[in-house]
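*Asks:* The structure is given below, and queries will be raised subsequently.
The values are calculated or read from the model by the stated rules, or taken from the named source; none is laboratory data. All values derive from a computational prediction rather than experimental measurement. Here the Cβ is made from the backbone with ideal geometry for all residues, glycine too, and neighbour counts use every protein chain on show. For accessibility, only protein heavy atoms count, side chains too; no ligands or nucleic acids. Shrake-Rupley method; radii C 1.70, N 1.55, O 1.52, S 1.80 Å.
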Amino acid sequence: MLNGVQAVLYREINVFRKKAKKQILASSLSPLLFLIAFGWGFGDRVAVNGLPYILFLIPGLITMSSLNQSYSIAQEINISRFYFHVFDEFLIAPISHIEIVFGEVLYGLFKASISVFLIFGYAFLFGVDLRISGLFFLVILMHSFLFSLLAMTVSMLIKDHGSQAQVNTFVITPMIFLCGTFFPVDKLPAFFKVIVHCLPLTYSTQVIRASLTGGEINFAYIGIMLIFMCTFFLTALYAVKKVEA
Amino acid sequence: MSNHPILSVSKLVKTFGKKPAVNAVDFTIQEGEFIGLLGANGAGKTTIIKSVAGLIKPTSGSILYYDKNFESHLKESKKLIGVVPQNSNLDRDLTAYENLYLHTLLHNIPVKEREAKIATALEFAELSEYRNKQVKTFSGGMKRRLVIVRALIHDPKIIFLDEPTVGLDPQIRRNLWNLILKINQVKKTAILLTTHYIEEAEKLCSRVMVIDHGDIIMDNTPEKLKHGLGRFVLEIYNEDGITETYFDSQEAALIEQGNCQSESKIRNIALEDVIIQLTGRRVNA
Ligand SMILES: Nc1ncnc2c1ncn2[C@@H]1O[C@H](COP(=O)(O)OP(=O)(O)OP(=O)(O)O)[C@@H](O)[C@H]1O
Ligand SMILES: [Mg+2]
C-alpha cells in the first residue's frame, strides 16, 4: 500500500534535488525582501497588537512562505500533467488514488518545511526571538498539509496550465495579502472581514503567530483548520479520481 | 496460442463533448497475440488505448482483463498491462536508472529484485552505458527504447504501444521493430500496437484491426484482409492521376493491362491498399 506514496515522493524529491539550489534561492528571496522593506522600514517603531512590527511580521512570513511552498506543488503537478505527461505514469500504475494524494502532499510538506527553517534563520539574523514549541510544529504541519491538499485539488480540476495562473492571481495572492499575514484582520472593513473569515489562511495565520509570540491560542481555530483539512482531503481525492490524461 | 482472452472489450464508447471518438467497439486479445491497430489520424486509436489503460474513463461499455471487470479490479488488472504512450512520458530530469527505479516502486517490485530487473532492462534496450545520464540528453530513439523496456519491467501480460516508431529514422525503426518482436516471441507478451507504417504492421502482426471514425471496421489476419480485395493491383497512370483496379489472378490483370492505352503497372496487393480503400470510401461517403 505504501509503495505508491514512496514512488510519488521518490519522483518529486529526485526532481527537486536536481534543482534544489535554484529553488531554495528563489524561495528565500521574497521573504527577505518583505523583511527588509517592512521589517527595517517600520522596525520596532511601529507596534501591532502590542508586538513590535517585526515580531508580528516574521510569523506572517513563515505562514506565507510555507503556504507558497506547499501550494507550489500545484504548479509542478501541472507541468508534469500537461507538458511532460509524467503524471500519467501514476495513473497507469497499480497504485491507489490515496497513495498519489499522500505522495504529493508529503512533498508539499517537505518543501514547506524548508521555507520554515529558512525564515527561522532570518529571524535569528534579525535578532527576533521566537518561541518555537511543539504546538507550533503541529499547527504549521496542519497549515502546510491543508494547502498542499488544496494544491492537489486545484491541479487536478483545472483543464489547462493557464487556469492555474488564474487561480493563483484571483485566489491565492489576495488571500496571502488579506488574511492577517502583514496586518491584523480586525483592521479590515466589515465586508472584507466576513470574506477573510471564510478563508483557511486567516485561522492558520492567527494560530501560528500566537504560538510563536506567546499569544493566546484559539483552539476553535485549530478545529476550523481541521475541518478545512478534511474537506480538502476529500476534494483532492475526488479530483484525482475524476482526472483523465 | 492458447484460448485465454487477456482482454475483452465490448461496446466501448468514449465521447468528448458530443462527439464520439470511439463508437461501441468490440474486440478481444488472446495471450501472446501481436495485434496492429491501424487507422487514420483521429480515428480513435489513442482513445482506445487510453481507455483500456485506465487513463480515461469510458463513457460506456465493458473492459475485462481475464474475465474480471477493469473498473472494479483496477489494481490487479493494471499489474497485467504495460503502456508505451504516444507522447513520451519519461521524466526528463531523472536519469534512465531513476526512471526505471520509479517504475519498480510504482509496481511494488520486491527490493531485492529491483536492481537486477533494471540492469536487464537497460541491457535489453542497449542503454547500459547511459544508465546515469539524464533523459533530456537522450536522442528520440534512445528515449523510445527506454519507454518500451520500462513498460516491461513488471512482466506484463500485454503491452500497449501507441505509435512506438513514429519520428524515427529507418535504421532505428527497424531496430525497434526487432525489439518489439523479440518481446512478443521471447517473453510471450501480447502486444497491441498502433502505427501508420502499414507495411511494417503487415509484416509483424498476426492480426490487424482497422479503425475508422471510432468504429472497428475490419479485424482479421493481414493475409485475409488483403485478399478480400484481390491479390494483384493494376495501376494505370492517366491525366487524372492513378487509378487502381484489383484482380484475383495475375492473368486477369494482364488481360486488362493489354486493353489499356496509358502507362500501367501490375504489383502485388498490400495491406495499405485495403486500408485506403476501406477508409477512403467512408471519408467520401
Ligand atoms: N481530450 C480530448 N478532448 C476532446 N477530443 C478529443 C480528446 N482526445 C481525443 N479527442 C478526439 O477524439 C478523436 C480520436 O482521437 P485519437 O487521439 O484517439 O485518434 P488517433 O487515432 O490516436 O489519431 P492519431 O493517429 O493522430 O494519433 C479525435 O477526433 C480527437 O480530436
Ligand atoms: Mg493517437
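*Asks:* Give the longest segment of chain A that steers clear of GluC sites (Glu not before Pro) in DSSP loops with at most 14 neighbouring Cβ atoms within 10 Å, not counting the sites themselves. Numbers along the way, then the final one.
*Replies:* Values: sites that count: A:Glu216, A:Glu244.
Longest run free of exposed loop sites: A:1-215.
*Asks:* If I compute solvent accessible area with a 1.4 Å probe over the protein chains, what percent of it on the range A:2-244 is carbon and sulfur?
*Replies:* Working: 7490 of 10510 Å².
After summing per-atom areas, the C and S share lands at 71 percent.
*Asks:* Which loop-located GluC sites (Glu not before Pro) does the range B:83-138 contain, where loop means any DSSP state but H, G, I, E or B and the Cβ has at most 14 other Cβ atoms within 10 Å?
*Replies:* On the way: sites: B:Glu98, B:Glu113, B:Glu115, B:Glu123, B:Glu126, B:Glu129; in loops: B:Glu126.
Passing sites in the range B:83-138 are B:Glu126.
*Asks:* Also: Would you be so kind as to list the residues of the range A:1-32 that have their accessible area lowered by at least 30 Å² in the full protein complex compared with their chain by itself (1.4 Å probe)?
*Replies:* For the range A:1-32, once contacts with the other chains are taken into account, A:Asn3, A:Gln6, A:Ala7, A:Tyr10, A:Arg11, A:Val15, A:Lys18 lose 30 Å² or more.
*Asks:* Report the convex hull volume per residue for the range A:83-124, counting only C-alpha atoms, in Å³. Can you show the working numbers first?
*Replies:* Working: hull volume 2.9 nm³, N = 42.
Spelled out: Cα convex hull of the range A:83-124, divided by residues, is 69 Å³.
*Asks:* Which whole-number value in Å² is the accessible area per residue of the range A:75-117, probe 1.4 Å?
*Replies:* Numbers: 1230 Å² over 43 residues.
I get 29 Å² per residue for this part.
*Asks:* In addition: To the nearest 10 Å², what's B:Lys68's accessible area with a 1.4 Å probe?
*Replies:* Probe radius 1.4 Å; accessible area of B:Lys68 about 90 Å².
*Asks:* Above 17 Å lies some portion of the pair distances; for the range B:1-52, what is it as a whole percent of all C-alpha pairs? Let's see the in-between values first.
*Replies:* Details: 520 of 1326 pairs.
That fraction is 39 percent.
*Asks:* With a 1.4 Å probe on protein heavy atoms only, tell me which residues of the range A:69-90 lose at least 10 Å² of accessible surface in the complex relative to the chain by itself.
*Replies:* When all protein chains are present, A:Phe84, A:His85, A:Val86, A:Asp88, A:Glu89, A:Phe90 each give up 10 Å² or more of accessible surface.
*Asks:* Shifting gears a bit: Quick check for you: with a 1.4 Å probe and neighbouring chains kept, what is the accessible area per residue of chain B, in Å²?
*Replies:* Working: 13540 Å² over 285 residues.
Counting only protein heavy atoms, the per-residue value for chain B is 48 Å².
*Asks:* Taking Rh as the Kirkwood radius computed over C-alpha pairs, what is the Stokes-Einstein D of the range A:186-245 at 10 °C in a medium of viscosity 1.306 mPa s, expressed in µm² per second? Working shown, then result.
*Replies:* Working: Rh = 13.4 Å.
After rounding, the answer is 119 µm²/s.
*Asks:* In Å², nearest 100, what accessible area do chains A and B bury in total when the solvent probe is 1.4 Å? Walk me through the numbers on the way to the answer.
*Replies:* Working: alone 12050 and 14910 Å², together 24220 Å².
Buried area (both sides, nearest 100 Å²): 2700 Å².
*Asks:* Using Cα pairs closer than 8 Å and at least 6 residues apart in sequence, work out the relative contact order for the range A:2-244, in percent. The partial results should precede the final answer.
*Replies:* Values: 279 pairs, mean separation 63.2, N = 243.
Over the range A:2-244, the number comes to 26 percent.
*Asks:* Per the Kirkwood treatment, what hydrodynamic radius in Å, one decimal, follows for the range B:80-130 from the mean inverse distance over all distinct Cα pairs?
*Replies:* The answer is 11.8 Å.
*Asks:* Could you please tell me the mean projected area of the C-alpha convex hull for the range A:2-244, averaged over all directions and given in square nanometres to one decimal?
*Replies:* Details: hull surface 52.7 nm².
Taking a quarter of the hull surface, the average projection is 13.2 nm².
*Asks:* Taking Rh as the Kirkwood radius computed over C-alpha pairs, what is the Stokes-Einstein D of the range B:70-183 at 25 °C in a medium of viscosity 0.890 mPa s, expressed in µm² per second? Before the final figure, lay out the partial values.
*Replies:* Details: Rh = 14.4 Å.
Using the Kirkwood radius from Cα pairs, D works out to 170 µm²/s.
*Asks:* Still on this structure, please answer the following. As a test of reading the structure, rank A:Asp129, B:Asp169 by solvent-accessible area (1.4 Å probe, protein chains only), most first. Provide the component values of the computation, followed by the final result.
*Replies:* Values: A:Asp129 130, B:Asp169 75 Å².
Correct descending sequence by accessible area is A:Asp129, B:Asp169.
*Asks:* For a Förster distance of 22 Å, can you work out the FRET efficiency between the beta-carbons of A:Ala220 and A:Cys198, rounded to the nearest 0.05? Intermediate results must be reported in sequence, preceding the final value.
*Replies:* Numbers: r = 15 Å, r/R0 = 0.70.
Efficiency, rounded to the nearest 0.05: 0.90.
*Asks:* Here's a follow-up. Which of the residues in the range A:205-245 lose at least 40 Å² of accessible area when you go from the chain alone to all protein chains together (probe 1.4 Å)?
*Replies:* The answer is A:Glu244, A:Ala245 - residues whose exposure falls by at least 40 Å² when every protein chain is included.
*Asks:* A further question follows. I need the Kirkwood Rh of the protein assembly as shown: take the reciprocal of the average 1/r across all distinct C-alpha pairs and report it in angstrom.
*Replies:* Numbers: mean 1/r = 0.0376 Å⁻¹.
After inverting the pairwise mean of 1/r, the radius is 26.6 Å.
*Asks:* In terms of the ratio Rg/(2.2 N^0.38 Å) built on C-alpha atoms, what value belongs to the range B:126-213?
*Replies:* Values: Rg = 13.6 Å, N = 88, 2.2 N^0.38 = 12.1 Å.
Normalised Rg, Cα atoms only: 1.13.
*Asks:* When the Kirkwood hydrodynamic radius is evaluated over all pairs of different C-alpha atoms of the range A:119-245, what value in angstrom, to one decimal, is obtained? If you can, show how the numbers build up before the last one.
*Replies:* Details: mean 1/r = 0.0623 Å⁻¹.
In the range A:119-245 this quantity evaluates to 16.1 Å.
*Asks:* How big is Rg to Rh over chain B, alpha-carbon atoms, Rh as the Kirkwood inverse-mean-distance radius?
*Replies:* Details: Rg = 21.2 Å, Rh = 20.6 Å.
Looking at chain B, the ratio lands at 1.03.
*Asks:* Just to make sure I understand: if all protein chains stay in place, what is the order of B:Tyr97, B:Tyr65 by accessible area at 1.4 Å, largest first? Mind showing how you got there, number by number?
*Replies:* Numbers: B:Tyr97 40, B:Tyr65 5 Å².
Of B:Tyr97, B:Tyr65, the descending order of accessible area is B:Tyr97, B:Tyr65.
*Asks:* Let me have the 222 nm mean residue ellipticity of chain B computed from DSSP H runs of 4+ only, each contributing -39500 (n - 2.57), with the sum over all residues rounded to the nearest 500.
*Replies:* Details: 10 runs with 103 residues, N = 285.
Mean residue ellipticity at 222 nm (helix-derived): -10500 deg cm²/dmol.
*Asks:* Once you place label points 7 Å from the Cα toward the Cβ at A:Phe137 and A:Phe170, how far apart are they in nm?
*Replies:* 4.0
*Asks:* Something else about it: Just list whichever of A:Lys241/B:Lys136; A:Lys19/B:Lys133; B:Lys19/B:Lys45; B:Lys78/B:Lys136 have alpha carbons separated by over 19 Å in the model shown. Show your work: numbers first, answer last.
*Replies:* Values: A:Lys241/B:Lys136 30 Å; A:Lys19/B:Lys133 16 Å; B:Lys19/B:Lys45 15 Å; B:Lys78/B:Lys136 28 Å.
Checking Cα-Cα distances, A:Lys241/B:Lys136; B:Lys78/B:Lys136 exceed 19 Å.
*Asks:* I would also like to ask the following. Heavy atoms only, probe 1.4 angstrom, no DNA, RNA or ligands counted: give me B:Cys205, A:Cys198 ranked by accessible area, highest first. Please report the intermediate quantities before stating the final value.
*Replies:* On the way: B:Cys205 10, A:Cys198 85 Å².
These residues rank, largest area first, as A:Cys198, B:Cys205.
*Asks:* Based on the Cα atoms of the range A:68-156, what semi-axes does the equivalent ellipsoid have, where each is the square root of 5 times one gyration tensor eigenvalue, given in whole Å with the largest first? Could you put the intermediate results ahead of the total?
*Replies:* On the way: eigenvalues 191, 38, 16 Å².
Semi-axis lengths for the range A:68-156 are 31, 14, 9 Å.
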